[in-house]
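This report concerns only the one structure given below.
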Amino acid sequence: MTLLDPGVWTGKIFDGGWVAGDGGSYAVTEPATGATLGTIGQAGAADAARAARSAAAAQRDWAARTYEERAAVLRRAGRLFEDHAAEVEEWLVREAGSIPPKAQLEAHFAASLCYESAALASHPQGIVLPSAQPRWSLSRRRPAGVVSVIAPFNFPLILSMRSVAPALALGNAVLLKPDPRTAVCGGVTIARIFQEAGLPEGLLHLLPGGREPGEAVVTAPEVRVVSFTGSTAAGRVIGEVCGRLLKRAHLELGGNNALIVLPGANVPDAVSAAAWGAFLHQGQICMTSGRHLVHESLHEEYVAALADKADKLAVGDPHTAQVALGPIIDEGQLAHVDGLVRDTVAAGARLAAGGTHEGLFYRPTVLAEVTPDMPAYAQEVFGPVAPVVPFSTAEEAIALASDSEYGLSLGILGDVGQAMKIADAVQTGLVHINDQTVNDEPVVPFGGVAASGNGSRFGGPDANIEAFTEAQWVTVRGEIATYPF
């Protein structure tokens, strides 16, 4: 039997075993062809409520186990991701529309997250504090309890595992609600991996579906932390609900990221980086290079070179052909992307490349003669679209880069000294000098500010321990304290 044998999960959700969901089932679809790849169970609100109760009960025993036991499960999960990489990657190609190198990155990243999280279990989780009283005083980190993870479709495996792995390693239980469009590679895969790795029952629950289970995993009283990756609009709603219920919400949201090309930058190298940042995974990445700010001395050359690069990139089914771009995830997202491009051209921009599609296959698009008020520049496109705007001074570049509600990632290409000054002046969660905006590693703090989220709550030991544990103050005295009454 293969890891993802449909005979195990067809028509089912996961609560330690594979069972039918209250919401029935729905088809798993391949966006490149429209073919049905399988059928997965759909959770209802009652499923989520039962899962939360079960998770809370199981979590107490899990938190009491030794760090060695928890770390061993995470290490086994990492090895299973490596052993079954080809199978996992095929699902990422077919269900998520990933090109094979992107799928390989996700599988490798998932394994790395397991190994890094295994180390978290033995990381120092407390400090000794000074006290004015005759006692020992210390602060220790305790598991938060039940963590809900809500993940998107674009990097479904990474963006689920980035929270699932550290939360489990630190002694929590997890309710996982993947995007319904990628519930196999972003949900079933993870449930099967941890099932085979020996994770005790009740600690991980897979709840595929739409709004109903999504709301339930946020509002369940047993849930103490909600880790959400997705749109800013949805993140605002989740943040408001969590605030009212006094729960912690870790929100990694959208972005409209600037890529600044400074005077004197090598144009061919800049264009190569820019094309990767703008077109990787059809531009369906929160870190995508969505605003190209190019010094006026390089602007015309840059536009021509980027358009030429875009025209030469192959677009098609990544499962059957060697392509640079696969399909947009669905018709709704395609309409959003195409509508922004059309509105921008109607507003006076020049279509330098792309702007057309066959089915869900959208050509990489370059827009010139763009002004900052045009839709494809001012809004997050979440598609393979590169609007280019010239600037004349570093101060103007800073102003343009800062003129956005988002604050996720910034790329600056060219002179390092000038780039460092610009980086210091732009409020953003991530800065990459002489690189494009799409970068991530399992060991780094990741997150944005403003409309991009509430800071770096993912990645690295400090961020993960803070994200998935609570601080507890403990004092110890040699004798019972005496008081005046």
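The values are calculated or read from the model by the stated rules, or taken from the named source; none is laboratory data. For clarity, every value in this text was computed on a predicted model and none was experimentally measured. So basically every Cβ, Gly included, is an ideal-geometry build from the backbone, and we count neighbours across all protein chains shown. Just so you know, the surface numbers come from the protein's heavy atoms only, side chains and all, with ligands and any DNA or RNA stripped out. Shrake-Rupley method; radii C 1.70, N 1.55, O 1.52, S 1.80 Å.
In terms of its C-alpha gyration tensor, segment 155-301 has a prolate overall shape, because the principal axis ratio a/c (a ≥ b ≥ c, square roots of the eigenvalues) is not below 1.5 and a/b outweighs b/c. The modelled label-to-label distance for the pair His108/Thr356, using points 7 Å beyond Cα in the direction of Cβ, is 3.5 nm. In the chain, taking the dipole from charged Cβ atoms about the Cα centre, the farthest positive-side position among Leu159, Pro263, Leu105 is held by Leu159. Give me the angle, in degrees from 0 to 90, between the Cα long axis of helix 156-169 and the longest principal axis of the Cα atoms of the chain, rounded to the nearest 10. For 156-169 against the chain, the angle is about 20 degrees.
How much FRET efficiency would the formula 1/(1 + (r/R0)^6) give for Arg135 and Arg211, where r is the Cβ-Cβ distance and R0 is 51 Å, rounded to 0.05? With R0 = 51 Å, the Cβ-Cβ based efficiency is 0.50. If you take the charge dipole of the chain about its Cα centre, with +1 on Lys and Arg Cβ and -1 on Asp and Glu Cβ, which of His123, Val241, Phe194 is farthest toward its positive end? Going by the Cα projections, it comes out as His123.
Quick one: dipole size for segment 257-433, taken about the Cα centre, charges +1 on Lys/Arg Cβ and -1 on Asp/Glu Cβ, in debye to the nearest 20. Don't jump to the answer; show the numbers that get you there.
Working: 7 positive and 21 negative charges, 54 e Å.
Value, rounded to 20: 260 debye.
Where the accessible area of segment 257-433 is counted over protein heavy atoms with a 1.4 Å probe, how much of it, in %, is carbon and sulfur? Could the numbers behind the result be given before it?
Details: 3460 of 6780 Å².
The C+S portion of the solvent-accessible surface of segment 257-433 is 51 percent.
Report relative contact order for the chain in percent, whole number only (criteria: Cα-Cα under 8 Å, sequence separation at least 6).
In percent, rounded to a whole number, it is 17.
Taken along the Cα-to-beta-carbon direction at a fixed 7 Å, the label points for Val443 and Thr475 span 4.0 nm.
Cβ-Cβ distance of Glu201 and Thr2, R₀ of 25 Å, FRET efficiency by 1/(1 + (r/R0)^6): the value works out to about 0.70. Near Ala151: Cβ cut-off under 9 Å, other residues only, Lys/Arg at +1 and Asp/Glu at -1. The net charge is +1.
Using the Stokes-Einstein relation with a Kirkwood hydrodynamic radius computed over Cα pairs, the translational diffusion coefficient of segment 257-433 at 4 °C and a viscosity of 1.567 mPa s comes to 81 µm²/s. Given +1 at the Cβ of Lys and Arg, -1 at the Cβ of Asp and Glu and no other charges, the dipole of segment 309-382 around its Cα centre is 300 debye to the nearest 20.
Quick one: compute the contact order of segment 113-191, relative version, from alpha carbon pairs under 8 angstrom and 6+ residues apart, as a percent. Display every interim value, and only then the final one.
Details: 109 pairs, mean separation 24.6, N = 79.
Answer for segment 113-191 is 31 percent.
For segment 1-126, the fraction of 1.4 Å probe accessible surface lying on carbon and sulfur atoms is 52 percent. For segment 277-357, the list of GluC sites (Glu not before Pro) that fall in a loop by DSSP and count at most 14 other C-beta atoms within 10 angstrom reads Glu296. A cut-off under 12 angstrom between Cβ atoms defines the neighbours of Gly332, and their net charge, with Lys, Arg +1 and Asp, Glu -1, is -2. For segment 283-425, averaging the sequence separation of C-alpha pairs within contact (under 8 Å, six or more residues apart) and dividing by the residue count gives a relative contact order of 29 percent. Ranked by solvent-accessible area (1.4 Å probe, protein heavy atoms only, all chains present), the residues Asp317, Asp415, Asp5 order from largest to smallest as Asp415, Asp5, Asp317.
If you take every DSSP beta bridge whose two residues both sit in segment 257-433, what share of them, in percent to the nearest 5, is antiparallel? Numbers along the way, then the final one.
Values: 5 of 26 bridges.
If we restrict to bridges inside segment 257-433, about 20 percent are antiparallel.
Using Cβ point charges alone (K and R +1, D and E -1), the dipole size of the chain about the Cα centre works out to roughly 1840 debye. Relative to the longest principal axis of the Cα atoms of the chain, the long axis of helix 100-120 makes an angle of roughly 30 degrees.
Within the shell defined by Cβ-Cβ distances under 13 Å, the residues around Phe81 carry a net charge of -3, with Lys and Arg each +1 and Asp and Glu each -1. Relative to the dominant Cα principal axis of the chain, helix 331-346 is inclined by about 40°. Taken as Cα centroids, segment 84-149 and segment 2-26 sit 25 Å apart, rounded to the nearest whole angstrom. Modelled label positions at Val241 and Asp308, each set 7 Å beyond Cα in the direction of Cβ, lie 5.1 nm from each other. Here volume of the Cα convex hull per residue in Å³ was computed from the coordinates, and among [x] 192; [y] 160; [z] 128 the match is [y]. Using a probe of 1.4 angstrom and keeping all protein chains present, the accessible surface of segment 257-433 works out to 38 square angstrom per residue. Per residue of the chain, the DSSP helices (runs of n ≥ 4 H) give a summed -39500 (n - 2.57) that works out to -12500 deg cm²/dmol at 222 nm. When both bridge partners sit in the chain, DSSP labels roughly 45% of those beta bridges antiparallel.
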